[in-house]
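Structure record follows, encoded as structure tokens.
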């Protein structure tokens with residue numbers, strides 16, 4: 001970096017040396033690293049996306065942790081605990097990636113519990129049955145993987161690298177979900193009904209996880225130009241449905257879309273109309289569990305305040321003691 | 001931390017093959033033809049129920065911990081304990097041809113053998129830490145000696161468990177120090193928690209006729225007390241905490257007399273399984 005000029009992003013004319021370097025890195029499909037210069041919009045867009053993803057992992061722990069104490073076998077209990085714990089771990093790596101862009105964990109946490117930050121609205125749906133542990137793994141984590149595998153190649157280095165690790169674990173999550181449903185579908189009549197009912201509730205919300213249709217997605221174009229995002233919402237959704245249809249057949253569950261059919265011409269599965277009104281309702285905070293999810297996060301945060309304060313005070317006293325010893 | 005769930009073998013093949021069972025019991029349990037005698041099975045139940053009940057309690061913390069790092073840490077400890085419980089209950093079940101799940105989900109309260117200390121509720125974080133501090137120190141001393149058991153299966157389970165429990169011991173010790181010497185409020189809470197949990201310490205080290213019949217196989221609980229006291233004394237001294245004096249609870253968990261808390265815990269744990277007799281999950 002030779003130039004000391006602060007780039008004025010509103011200037012329409014000549015671009016700075018740094019900006020040219022940034023553009024070249026993007027063009028060459030190289031990684032941008034924390035110390036590289038980056039346009040303010042790129043930084044903001046990444047902080048928004050990464051922190052939303054982190055929040056989704058954290059809120060996403062709740063619908064599943066509901067079943068840890070009631071898991072129907074010890075093996076299932078162990079797997080579910082490992083899975084929810086992985087989600088906390090994902091939240092941690094992602095908050096760290098956002099911190100490399102200058103965001104602080106406190107600010108991000110405050111934004112979440114104040115209801116100002118977004119997280120994936122899928123987690124505002126309830127988990128009334130055990131089969132929902134299957135559907136969340138198979139459909140929700142499955143959709144997340146389709147969204148996230150391309151992010152392993154995201155242009156921002158710390159994000160891409162965090163995603164590699166996350167995707168490995170998500171793949172395990174999806175399998176365990178599929179396996180829960182498979183076991184239920186091979187079980188008693190009541191278990192099969194439990195599974196089908198759950199798939200009926202989660203299928204459409206999972207498709208909505210890819211975001212609004214391409215012609216109605218305000219942030220997508222810039223993110224694709226910057227290679228933060230690599231495929232359009234509709235493209236990924238289509239890929240997901242193509243993957244689900246044969247898996248549903250193996251399970252023996254019906255996907256709740258009467259218009260779903262194979263298109264010989266495109267060799268893809270065409271899906272019926274998605275009810276975007278519901279998506280916008282949930283996004284606007286009028287989903288089944290929005291208030292409850294935030295309340296629980298706020299309670300954990302508030303009730304844990306004295307513990308965090310104690311840890312900070314103790315660390316402070318310890319370092320003061322070390323300095324005192326060194327001075328003697 | 002835990003071998004009970006092996007995730008390392010999973011490749012990223014998001015769109016491919018999906019039917020995989022990733023959780024397996026430890027090798028010594030599958031390979032060994034060993035069938036527990038009734039007395040060994042009873043002893044395995046003692047230890048297995050302690051781990052199971054404590055794991056169930058820790059599982060309830062996940063997504064509610066004071067910070068994300070603790071969601072992960074308490075989850076890890078819980079997972080390790082579920083692993084120990086599964087191994088021990090599996091082994092106990094060989095005596096009567098029952099599975100780990102038969103024992104976890106289809107016994108009622110009087111047939112459980114857990115100690116009262118693990119049945120005590122999570123309370124605030126200080127109570128969870130105080131319970132964890134006491135139990136992890138006990139379990140570390142126990143498994144350290146059980147490694148030398150004449151029963152090969154118990155010895156193998158203990159050899160694996162001791163490494164994990166060593167981490168649990170360290171985790172809770174660090175928190176006892178932080179809470180006792182952090183803020184006035186955390187110190188007050190730590191003192192309260194320790195005095196609430198201390199009445200249940202005595203039961204841990206109480207001998208039972210079963211132990212006399214398992215010479216060389218089981219570890220005599222009373223023999224662990226000096227090592228336990230010696231291990232916690234320096235921590236309490238550094239934390240400037242005193243050993244609480246006062247009540248000693250009568251206990252009785254090993255003979256099926258339980259605290260009022262256990263029935264609620266079991267009701268929650270067993271509810272789904274019992275609604276579907278004969279189903280597989």
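The values are calculated or read from the model by the stated rules, or taken from the named source; none is laboratory data. A quick note: this is a predicted structure, and the numbers were derived from the prediction, not measured. Note: ideal-geometry Cβ built from the backbone for every residue, glycine included; neighbour counts use all protein chains shown.
Out of all the residues in the stretch B:60-97, which are at positive phi and in contact with a helix residue (DSSP H, G or I) (Cβ under 9 Å, 6 or more places away or on another chain)?
So in the stretch B:60-97, the residues at positive phi come out as B:63, B:97.
The answer is B:63, and nothing else.
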Per-region count, the stretch B:150-189, residues within 14 Å of chain A (Cβ to nearest Cβ) and assigned to a helix (DSSP H, G or I): 18
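Suppose the filter is at pLDDT below 95 and either away from chain B (no Cβ under 11 Å) or in a helix (DSSP H, G or I) (or both); does residue A:49 pass it?
So residue A:49 passes the test.
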Filtered residue count, the stretch A:126-152, keeping only those that are part of a helix (DSSP H, G or I) and facing chain B (nearest Cβ under 9 Å): 7
Residue pairs meeting the criteria (Cβ under 9 Å; at least 6 apart or on separate chains; first within 14 Å of another protein chain (Cβ to nearest Cβ), in the stretch A:187-200; second surrounded by fewer than 14 Cβ atoms within 10 Å (Cβ to Cβ) and assigned to a helix (DSSP H, G or I)): A:190/B:275
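In the stretch A:238-261, what residues are away from chain B (no Cβ under 14 Å) and in contact (Cβ under 8 Å) with a residue 12 or more places away in the chain?
Within the stretch A:238-261, the subset away from chain B (no Cβ under 14 Å) is A:254-261.
Passing the criteria: A:254, A:255, A:256, A:257, A:258, A:259, A:260.
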Matching residues, the stretch A:69-121, being under 16 Å from residue B:281 (Cβ atoms), at the interface with chain B (Cβ under 8 Å from one of its Cβ atoms), assigned to a helix (DSSP H, G or I) and touching a residue at least 12 places away in the same chain (Cβ under 8 Å): A:70, A:76, A:79, A:81
Among (1) more than 30 Å from residue A:32 (Cβ to Cβ); (2) more than 16 Å from the chain's Cα centre (by Cα), the one test that residue A:104 misses: (1)
Residue within the stretch B:216-236 that is surrounded by 12 or more Cβ atoms within 10 Å (Cβ to Cβ), at pLDDT below 95 and within 19 Å of residue B:114 (Cα to Cα) present: no
Subset of the stretch A:279-328 (residues that are crowded, with 16+ Cβ neighbours inside 10 Å, more than 8 Å from every other protein chain (Cβ to nearest Cβ) and more than 20 Å from the chain's Cα centre (by Cα)): A:301
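Please go through the stretch A:58-106 and pick out each residue that is closer than 24 Å to residue A:155 by Cα and touching a strand residue (DSSP E or B) at 6+ places or on another chain (Cβ under 9 Å). If you could, list the steps in order and put the result at the bottom.
Initially, the stretch A:58-106 is screened for residues closer than 24 Å to residue A:155 by Cα, giving A:87, A:89-105.
Listed by number, the residues that qualify are A:97, A:100, A:101.
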Odd one out for residue A:54, checked against (1) within 17 Å of residue A:152 (Cα to Cα); (2) more than 14 Å from every other protein chain (Cβ to nearest Cβ); (3) not in a loop (DSSP other than H, G, I, E, B): (2)
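Can you tell me which of B:268, B:242 is surrounded by fewer than 15 Cβ atoms within 10 Å (Cβ to Cβ), modelled with pLDDT of 95 or more and within 14 Å of chain A (Cβ to nearest Cβ)?
On the way: B:242 fails: within 14 Å of chain A (Cβ to nearest Cβ).
That would be B:268, the only listed residue that is surrounded by fewer than 15 Cβ atoms within 10 Å (Cβ to Cβ), modelled with pLDDT of 95 or more and within 14 Å of chain A (Cβ to nearest Cβ).
Grab the helices (runs of 4 or more DSSP H) fully contained in the stretch B:40-149, keeping just those with 2 or more residues being more than 12 Å from chain A (Cβ to nearest Cβ) and in contact (Cβ under 8 Å) with a residue 24 or more places away in the chain.
Numbers: elements: B:68-93, B:100-105, B:116-119, B:125-146.
Passing ranges, in order: B:68-93, B:116-119, B:125-146.
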2 or more residues within 23 Å of residue A:71 (Cα to Cα) and without any contact (Cβ under 8 Å) to a residue 40 or more places away in the chain: qualifying helices (runs of 4 or more DSSP H) within the stretch B:190-281: B:261-275
Test: residue A:172 is over 17 Å from residue A:233 (Cβ atoms), out of contact with any helix residue (DSSP H, G or I) (no Cβ under 7 Å at 6 or more places or on another chain) and within 8 Å of chain B (Cβ to nearest Cβ): yes
Residue list for the stretch B:74-88, filter: more than 11 Å from the chain's Cα centre (by Cα) and more than 16 Å from residue B:104 (Cα to Cα): B:74, B:75, B:76
